[in-house]
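Data block below; observations after.
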């Protein structure tokens, strides 16, 4: 359980980066479109040199998809095991 929760906690920030990011290019010719931090998120930009804290290309996002799918499967499995535990506990209490 702790392993799944730690994994989930580790991905929360990345999920927010993807969910709240915006598409743009960073000074390339020809431009390569990337996912960048939202301009509204000042802490995700280095304003001294106007550089984003992260940029993701499509390949990065494909990898995140696989990782999020794996996390979803692990979380679903944990939820099933918790439900089974609760049902077994209730059954044991009822037979006392």
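Just so you know, all these numbers are worked out from the coordinates, no wet-lab data involved. Note that the structure is a prediction, hence the values are computed from the model and not measured. No Cβ is skipped: glycine too gets one built from the backbone with ideal geometry, and neighbour counts run over all protein chains shown.
The relative contact order of the chain, computed from alpha carbon pairs under 8 Å that lie at least 6 residues apart in sequence, is 21 percent. How far, in degrees from 0 to 90, does helix 58-95 lean away from the longest principal axis of the Cα atoms of the chain, to the nearest 10? Approximately 20 degrees, to the nearest 10.
For the range 1-37 versus the range 74-94, the inter-centroid distance based on Cα atoms is 34 Å.
Calculated translational diffusion coefficient of the chain (20 °C, 1.002 mPa s; Stokes-Einstein with Kirkwood radius over alpha-carbon pairs) equals 131 µm²/s. One chain, two ends: residue 4 and residue 38. Fully extended at 0.36 nm per residue, the span grows by 9.4 nm beyond their Cα-Cα distance. In this simple spin-label approximation, residue 28 and residue 76 carry label points 7 Å from Cα along the Cα→Cβ vector, and these lie 3.4 nm apart.
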